[in-house]
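As structure tokens, the structure follows; a few thoughts come after it.
The values are calculated or read from the model by the stated rules, or taken from the named source; none is laboratory data. The model shown is predicted, which means the values in this text are computed figures rather than measured ones. Please note: Cβ atoms are built from the backbone with ideal geometry, for glycine as well, and neighbour counts cover all protein chains shown.
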């Protein structure tokens, strides 16, 4: 049997499986300024588990779309750009530097979207004056928290909290709770390939791969069986022709 037939059948199986996935996983929306929630993300209470990838689960709270990070807690999803793979977040506590200080992205499928630089957080018992701007949401009457680019000498009244790679130090001009909370993600090409359609990237969810592999194996087995049957019929036909010729020559 022609090899091209096998590839035509294989392509048809993949397309039909992808179409079935699209129909079972339509984009979801929730809350004000709603945006499409689709693969690799999924809205837990609205979409089946196979509609998203691990670590991309979203949920609803107080008319907001949220995402949970084990190292920090819950953050508000402001928007998602699938073209640039950017997840824009808001901190419900309005303290972006508390997020920077505690968020461990190594436990997630995400990375910071912006370029990172090393900054050190210091907790000082005395104010350093107007030359260095403290982080208000982390400071109090008896403690003053600062972020400075590493390495910078600090007075004895300050102790190091932590050095982290973050997009920016604190600035009163950049104190919006959402500034810098942009994350990006990267998935294998088997999950993002080709061009975009009206419903998004041509994609296969991880849990779809075993199903498609099984369908491909079944198709291959059917083709092999048909090939064997075809050969048997051909051999039988040739044998009958040979016997007929022998009778004529006898």
Query raised in the report: Can you tell me which of 97, 68 is in contact (Cβ under 8 Å) with a residue 12 or more places away in the chain and not in a loop (DSSP other than H, G, I, E, B)?
Result: 97
Requested in this report: Check off (1) surrounded by fewer than 16 Cβ atoms within 10 Å (Cβ to Cβ); (2) under 11 Å from residue 183 (Cβ atoms); (3) without any contact (Cβ under 8 Å) to a residue 40 or more places away in the chain for residue 131 and give me the number that stays unchecked.
Outcome: (2)
Query raised in the report: Would you say residue 65 is surrounded by 17 or more Cβ atoms within 10 Å (Cβ to Cβ) and at pLDDT below 95?
Result: yes
Query - Residues of region 38-62 that turn out to be surrounded by 19 or more Cβ atoms within 10 Å (Cβ to Cβ), within 17 Å of residue 182 (Cα to Cα) and without any contact (Cβ under 8 Å) to a residue 60 or more places away in the chain, as a count - result: 2
Requested in this report: Could you please let me know if residue 78 is surrounded by fewer than 19 Cβ atoms within 10 Å (Cβ to Cβ), modelled with pLDDT under 95 and within 27 Å of residue 136 (Cβ to Cβ)?
Outcome: yes
Requested in this report: Please find, among 21, 7, the residue that is more than 17 Å from residue 85 (Cα to Cα), exposed (fewer than 12 other Cβ atoms within 10 Å of the Cβ) and modelled with pLDDT under 95.
Outcome: 7
